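**Student:** I'd like to ask some things about the structure below.
The values are calculated or read from the model by the stated rules, or taken from the named source; none is laboratory data. The structure presented is a predicted model; accordingly, all values stated were derived computationally and were not measured. Don't worry about glycine lacking a Cβ; one is built from the backbone with ideal geometry, like all the others, and counts go over all protein chains shown.
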Amino acid sequence: MKQLNPVQSLALHQIQTDARFFYSLTPLLGRLKSNFMMMSQPYMSLFAVGAEQWAKKVGFKDSPNFSKDEEKHYSYVRNTVKMFQMEYEQLCCVLVEHLRMCDKHFGSICKPFARALKLYDNVGVDKCVREYCGNTILISSYMPKSFVDKDSGECYKEMGSIAGKLAAFYGCTRTEPLEVNERVTFQYADHLFFARCPIRVKNIDGFCLFSILCSVNYLLFFVDGYFLEESPSKLRFGYIQYYYLSDTTLLINGRQTRKKVVK
């Protein structure tokens, strides 16, 4: 790599730290039947877009470059870190749209009597240390192509390869993965929202709040709790979420207060 000034050296160190963090996620792919890797997509896209653009800026000629499709994909997913900056009603609409799409898909592929009796599932959930840390609707809202589409799996696998190449370029394979807490337990389950689901408020409000909880818990119990080693990436991802969620929390609290006043 070319000679860097002090500011560029600090930027490189941050990119390498992120590369190591995402490299540390890869062993879970073979161990867990869960969506913990997919829940990281907004943050992974921040890394991929930043690393690819920064390499061009400083003149790293050997760095992997996005194709047009990859650039479009990662730009879309990167912007989903701002999802919680939406107005609360708009956020609910986005989540419900994906929930209805999944309900329609899974309802259509089961037998008629199962559909009539609501014996199918439309949402998958993930737990870390028995805390809800992800759901498939939240993940679907992160992605430009719905995971119920037949070619979505291959598409996301293909799109993910460039992030791996960028992480390797910045030296992730030359370091050990982050130390993890082997005592942390993982669970996953499928539910039918809203007929059979783990939330008490079985409506749109309940699901929206549940999804926010999943996103917060993902960073608290999985990113921070499972990975023992302190990392600037963990702090940065937590700050990003706090920054975009703080106003939404105020809006939700104000909305609940107005409801009580009306009652």
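**Student:** Return the only residue of Ser161, Ser146 being of a type in the set (Ser, Thr, Tyr) and either touching a residue at least 12 places away in the same chain (Cβ under 8 Å) or under 30 Å from Val96 (Cβ atoms) (or both).
**Tutor:** Every option except Ser146 fails the conditions.
**Student:** Same structure again: Within segment 28-78, work out how many residues are touching a His at 6+ places or on another chain (Cβ under 9 Å) and surrounded by fewer than 20 Cβ atoms within 10 Å (Cβ to Cβ). Before the answer, list the steps.
**Tutor:** Here is the first cut: in segment 28-78, the ones touching a His at 6+ places or on another chain (Cβ under 9 Å) are 45, 66.
From what's left, surrounded by fewer than 20 Cβ atoms within 10 Å (Cβ to Cβ): 66.
Residues that pass the stated criteria total 1.
**Student:** Within segment 1-27, take every residue that is surrounded by fewer than 17 Cβ atoms within 10 Å (Cβ to Cβ) and within 30 Å of Tyr188 (Cβ to Cβ) and give me the one that is nearest to the chain's Cα centre (by Cα).
**Tutor:** If we take residues in segment 1-27 being surrounded by fewer than 17 Cβ atoms within 10 Å (Cβ to Cβ) and within 30 Å of Tyr188 (Cβ to Cβ), then Thr26 is nearest to the chain's Cα centre (by Cα).
**Student:** Another question, if that's okay. Run down Tyr88, Tyr132, Tyr142 and say which single residue is modelled with pLDDT of 95 or more and under 24 Å from Asn217 (Cα atoms).
**Tutor:** Unique residue meeting the criteria: Tyr132.
**Student:** For segment 180-192, indicate whether the set of residues that are hydrophobic (A, V, I, L, M, F, W, C) and either at positive phi or modelled with pLDDT of 95 or more (or both) is non-empty.
**Tutor:** The answer is yes; a qualifying residue exists.
Condition check ((1) under 18 Å from the mean Cα position of the chain (by Cα); (2) surrounded by 14 or more Cβ atoms within 10 Å (Cβ to Cβ); (3) closer than 19 Å to Gln90 by Cβ) across all residues:
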residue: Arg183; (1), (2), (3): no, no, no
residue: Leu213; (1), (2), (3): yes, yes, yes
residue: Gly225; (1), (2), (3): yes, yes, no
residue: Ser231; (1), (2), (3): no, yes, no
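**Student:** Separate question: Ser63: more than 23 Å from Ser152 (Cβ to Cβ), of a type outside the set (Lys, Arg) and either at pLDDT below 95 or in a helix (DSSP H, G or I) (or both), yes or no? Break it down into steps so the answer makes sense when it comes.
**Tutor:** Working: more than 23 Å from Ser152 (Cβ to Cβ): yes; of a type outside the set (Lys, Arg): yes; either at pLDDT below 95 or in a helix (DSSP H, G or I) (or both): yes.
In short, yes.
**Student:** Just the residues that are surrounded by 13 or more Cβ atoms within 10 Å (Cβ to Cβ) and closer than 15 Å to Phe193 by Cα, please, taken from segment 98-113.
**Tutor:** Within segment 98-113, His98, Leu99, Met101, Cys102, Asp103, His105, Phe106, Gly107 qualify.
Results for (1) at positive phi; (2) charged (D, E, K, R), shown as yes or no for each residue.
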| position | (1), (2) |
| --- | --- |
| Glu97 | no, yes |
| Lys118 | yes, yes |
| Lys127 | no, yes |
| Asn135 | no, no |
| Met143 | no, no |
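**Student:** Same structure, new question: If you take the residues of segment 196-242 that are polar (S, T, N, Q) and farther than 14 Å from Gly134 by Cβ, which of them is modelled with the lowest pLDDT?
**Tutor:** Residues of segment 196-242 polar (S, T, N, Q): 203, 211, 215, 217, 231, 233, 241.
Keeping just the survivors that are farther than 14 Å from Gly134 by Cβ gives 203, 231, 233.
Numbers: Asn203: 91, Ser231: 88, Ser233: 91.
Top of the filtered list is Ser231.
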